[in-house]
Every structure is written in structure tokens, then in C-alpha cells.
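Reading through the C-alpha cells given below for one structure.
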Amino acid sequence: MKKNTLFSEQLIQRLKEAHLVVALTGAGVSAESGVPTFRGADGLWKQFRAEELATPQAFVKNPQLVWEWYNYRRNLLKKIDPNPGHYALVELEKALASFHLITQNVDGLHTRAGSGKVVELHGNILRNKCFNCQKIYFEPEYNDSSTLPKCSCGGLLRPNVVWFGEMLDQEILDRAYRLSEECQLFFSIGTSSLVYPAAELPYIAKRNKAYIVEINLEKTEISGWVNERIAGKSGEILPQLVESLKCIRMN
Ligand code: BJW
Ligand code: ZN
């Protein structure tokens, strides 16, 4: 089998030896499925204003508008499927002794692809949460109507995602911190590394001596200091990484 020169010897060595491998994903991983990213030329924040749609204040001011935007995005998700990048991450989970996926994505595509242990930092767009009592509703179709959906307590339901200015679920965040602290190999894939606290994770991993690999179409906040930067589409690079891993196993 031909040796893949896209990945360094050190990366291959770490893949062989790491007891714990962690991948942090962002919107770029879903871009090849047709889910718009947030930033950049075609990003959602070019077309829509984050402060009018993705903050608790925006929801209080105009819940109808916020719901219209989320229903539009939910409907988009019905028409699309996971891409080769998502499936390659499932293969990595199967092939490595301990592989954990942390995602900022709310689209649920990793789980749909078959990833088993997904840490969803920013929630899931297909679920709802009461704005008043915080009760979670798991039915994705629950609110697909023109009237605003309500909880049994009378409070308005909202999508169960983390908006700007909101705290992330502490248990989920602690889990992400712990995984980042303990891994020997950390992948940052398809994220601009701008949004905190998710953006802290590669720094935490680096401080604890993990080997940091970035896979992204463009340079980001962390590109200057990562151990290895692989420029390109995650849907093309990740399947090659899986192939390289098969190669290691055969040799
Ligand atoms: C490809 C590709 C391909 C394309 N292959 N690559 C410290 C300093 C300053 C500010 C803060 C700070 N700490 C906290 C804050 C405030 C704020 C924040 O971080 N702001 C920054 C913008 C500066 N953070 C928060 O408010 C967080 N809460 C919090 O910290 O609570 C404590 C607190 C409370 C009160 C006050 C202060 C602190 C919550 C953040 C929640 C983020 N929510 C969103 C929306 C989710 C719901 C929804 O979807 O509607 O999450 S915002 C949006 O950004 C979404 C994403 O998960 C997140 C990250 O975006 P991501 O994934 O990186 O996407 P992009 O578009 O930015 O990048 C895509 C990348 O892919 C690009 O690099 C492309 O090149 C690449 N790409 N195609 C490979 N095919
Ligand atoms: Zn309620």
C-alpha cells in the first residue's frame, strides 16, 4: 500500500501510541453536507445578525423571529446527510482504543453518522428547552408550527442550543476540559477557534503536552502554534487519515 505523505511521521506515531485521542469539531465539518458555517464569506453571520437571533435577549424581544430562523435551519437539516468527514470520525472511533469526539455543532450529524460518544458543547438544534423551567423536550417536530410552542409550565419553548452570553452545561464542559487535559493527540477540525470556552480546549491540550493537529480550509487563531496544520476539506482529509491508520495496522 502507498504511504500517505499528507501526515507527518510524528502524527502517525502518536496515532499508534496515544491512549486517548480527542477531536474537537466545528461548523466546517458539516459544510460539505450543505450546512452553512457561521463566519467567513458564506457564513450565517454575514446574512443574519447574531445579536438578533442567538442571544436570550433576542428571544425575549422577538421569539417569533428567532423561531422562524431555527425552523428554517431545522428544515434544511431534514434534507441533508452526514458527509465522508463525519463517517471517517466514526471509523476512527472504531479503530482507536480510546477516541472521543467533542463538537460545537448543534446539527446532530455526528450522531446520525454513527459516532457514539459525542460531547455536544452547544446543545442540539433538534431539541427544545423551556425558557422558564429549563425542562428539555426531545421531540424534534414538537414546535414545527406557526404558533409559539409552550411548556406544560406555561413558559415558552426555545431550541436547546447555547446562545451568546449563556453558560454551557457545566457537566458537559467539565467532560470536555477533562478529555482535553488527558489526551495525547488532539484534533481541531473545521472550527475558527474564536468562540469561548470551546476555543480554550486546544490550549488546554497543548499545556498538557498533547500533539495538536488542525484540519481546516483556512488559517485560524491557533494555526500559528499547532504541531501540525493540514490545509483542506475535512471530508477529504479525514478519510485519508482512516486509510493511513489501516496502513499502520497492516505493517
Ligand atoms: C472547513 C471546511 C471544510 C469550512 N473542511 N474546514 C473570552 C473573550 C471574549 C469573549 C468571550 C470570552 N469568553 C466568552 C466570551 C463570549 C462568547 C464568545 O466566545 N464570543 C467570541 C465570539 C469572542 N462566548 C459565549 O457567550 C459562550 N458562553 C459563555 O462563555 O458563558 C459564560 C459567560 C456568560 C456571560 C458573559 C461572559 C461569559 C457561549 C457561546 C455559544 C456559541 N453559540 C453558537 C450558536 C449556537 C446555536 C446555533 O447554532 O444557533 O455556536 S455561535 C456559533 O459559533 C455556534 C458555533 O458552535 C460556534 C463556533 O463556530 P465554528 O464551529 O468555529 O464555525 P465558524 O463558522 O466560525 O468556522 C468554521 C471553520 O470551518 C472556518 O475556520 C472555516 O475555514 C472552516 N471550514 N469549510 C474544513 N470543508
Ligand atoms: Zn417549563
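The values are calculated or read from the model by the stated rules, or taken from the named source; none is laboratory data. Quantities reported herein were computed from a predicted structural model and do not represent experimental measurements. Counting neighbours? That spans all protein chains shown, and the Cβs are built from the backbone with ideal geometry, glycine included. SASA here: full protein model, heavy atoms, side chains in, ligands and nucleic acids out. Shrake-Rupley method; radii C 1.70, N 1.55, O 1.52, S 1.80 Å.
The number of residues in segment 77-133 that are under 29 Å from LEU148 (Cα atoms), away from ligand 1 (no atom under 13 Å from the Cβ) and of a type in the set (Lys, Arg) comes to 3.
The set of residues from segment 44-99 being within 16 Å of ligand 2 (Cβ to nearest atom) and under 21 Å from the mean Cα position of the chain (by Cα) is empty. Selection of segment 30-48 for residues being touching a Leu at 6+ places or on another chain (Cβ under 8 Å) and aliphatic (A, V, I, L, M) yields only VAL35. When the criteria are applied in full, LYS94 fails the requirement of being touching a residue at least 12 places away in the same chain (Cβ under 8 Å), outside any loop (DSSP other than H, G, I, E, B) and open to solvent by 90 Å² or more (accessible area, probe 1.4 Å).
Given the criteria within 12 Å of ligand 1 (Cβ to nearest atom) and among the basic types (Lys, Arg), does ARG178 qualify? Give the derivation first.
Numbers: within 12 Å of ligand 1 (Cβ to nearest atom): no; among the basic types (Lys, Arg): yes.
Judged against the criteria, ARG178 is not a match.
Scan segment 21-65 for residues that are part of a helix (DSSP H, G or I), modelled with pLDDT of 95 or more, more than 7 Å from ligand 1 (Cβ to nearest atom) and crowded, with 17+ Cβ neighbours inside 10 Å and the total you get is 3.
Residues of segment 150-166 that are in a loop (DSSP other than H, G, I, E, B) and within 11 Å of ligand 2 (Cβ to nearest atom): CYS151, SER152, CYS153, GLY154, GLY155. Do any residues in segment 163-189 that are over 24 Å from LEU238 (Cα atoms) have Cβ atoms under 9 Å from those of residues that are open to solvent by 50 Å² or more (accessible area, probe 1.4 Å) and in a loop (DSSP other than H, G, I, E, B), where the two are at least six apart or on different chains, and which pairs are they? From segment 163-189, the pairs are LEU173/MET167.
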